[in-house]
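Here's the structure we're looking at; comments come further down.
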């Protein structure tokens, strides 16, 4: 009985992250399909700040809902998606974006797949040659 | 050359072990530290206490604390906020995604160190400040410039650092 009560209390205490309902724009698409597509594409590449490894498009967190609403409101107001991304990067740093621009700091990130494929090709060639 | 694969394995194992034993700090810090408080106009979160706008955050060093009634670490932090208030620190609050009745009850239960409490139902202020969680605290100097960010609850062991940051901002 006591365990059940503790369990129930724990479940109720799970931080929902809000005591207010999410704004409508958090979950309702914009009437303009092109704008909604822009907003959706941006939301998929913005990090949810309270849930590691998820984009704000994927997250149920209240903060992510508010971020989706902000993205939709700004895009509906005519702002370019890249301007909205820049606004967020200005406040949270590059970590907030899942779309890292190519720069000195991220060059390794972008070059790594190409280098690994190259290494793979070289290893494969060497081992096929041996077999012959 | 024969030992190369083993060496490679050991290297990888060490790399993984280090990552497991000392996970990277994934806290996303605000880039607003060192910059003026962004334009905010927040309605009062509770009856009988003013809301919070950028104009209020000038003239005196203060702590701006983001909190919520639904946030358990905020309860753990409450005694330290009261102690800071006792020590003469001005504290303003931003109630995040919260309901008025819940904030009122939270303050009655856990103490009320706040001069102003702004209501932030849509996370507008949180996003403008570059804050990524709750509780979170910002030290704002007399000119209205953010000087320090503390992520997470202010626990007893954080008090020296917070007081030092406030002293620095004076």
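The values are calculated or read from the model by the stated rules, or taken from the named source; none is laboratory data. Just so we're clear, the structure is a prediction, and the values are computed from it rather than from any experiment. Note that each Cβ is placed from the backbone with ideal geometry, even for glycine, and that neighbours are counted across all protein chains shown.
Looking only at the stretch B:26-34, decide whether some residue is within 17 Å of residue B:91 (Cα to Cα) and in contact (Cβ under 8 Å) with a residue 40 or more places away in the chain.
There is no residue in the stretch B:26-34 that is within 17 Å of residue B:91 (Cα to Cα) and in contact (Cβ under 8 Å) with a residue 40 or more places away in the chain.
What number of residues within the stretch B:75-96 satisfy the criterion of being free of Cβ contacts under 8 Å to residues at least 40 places away in the same chain, in contact with a strand residue (DSSP E or B) (Cβ under 7 Å, 6 or more places away or on another chain) and within 13 Å of chain A (Cβ to nearest Cβ)?
1
Is it the case that the stretch B:22-39 has a residue that's away from every other protein chain (no Cβ under 14 Å), part of a strand (DSSP E or B) and either at pLDDT below 95 or within 17 Å of the chain's Cα centre (by Cα) (or both)?
no
Determine if the stretch A:73-94 includes at least one residue that is within 10 Å of chain B (Cβ to nearest Cβ) and more than 18 Å from residue B:28 (Cβ to Cβ).
There is at least one residue in the stretch A:73-94 that is within 10 Å of chain B (Cβ to nearest Cβ) and more than 18 Å from residue B:28 (Cβ to Cβ).
Conditions: (1) closer than 17 Å to residue A:93 by Cα; (2) at pLDDT below 95. Residue B:126 meets all but one. Number of the miss?
Residue B:126 satisfies every listed condition except (2).
Looking only at the stretch B:101-110, count how many residues are more than 17 Å from residue B:64 (Cα to Cα) and either facing chain A (nearest Cβ under 9 Å) or surrounded by fewer than 17 Cβ atoms within 10 Å (Cβ to Cβ) (or both).
5
Just to check your reading of the model, which residue among B:55, B:78, B:83 is more than 16 Å from the chain's Cα centre (by Cα), modelled with pLDDT of 95 or more and farther than 29 Å from residue A:95 by Cβ?
Only one candidate qualifies: B:83.
On the given criteria, is residue B:72 closer than 16 Å to residue B:133 by Cβ, within 13 Å of another protein chain (Cβ to nearest Cβ) and surrounded by fewer than 16 Cβ atoms within 10 Å (Cβ to Cβ)? Don't jump to the end; show me each part of the working.
Values: closer than 16 Å to residue B:133 by Cβ: yes; within 13 Å of another protein chain (Cβ to nearest Cβ): yes; surrounded by fewer than 16 Cβ atoms within 10 Å (Cβ to Cβ): yes.
Against the criterion (closer than 16 Å to residue B:133 by Cβ, within 13 Å of another protein chain (Cβ to nearest Cβ) and surrounded by fewer than 16 Cβ atoms within 10 Å (Cβ to Cβ)), residue B:72 qualifies.
List the residue pairs whose Cβ atoms are under 7 Å apart, where the first residue sits in the stretch A:48-69 and is more than 10 Å from every other protein chain (Cβ to nearest Cβ), the second is assigned to a strand (DSSP E or B), and the two are 6 or more positions apart or on different chains.
Listed by first residue and then by second, the contacts come to A:55/A:46; A:55/A:47; A:56/A:46.
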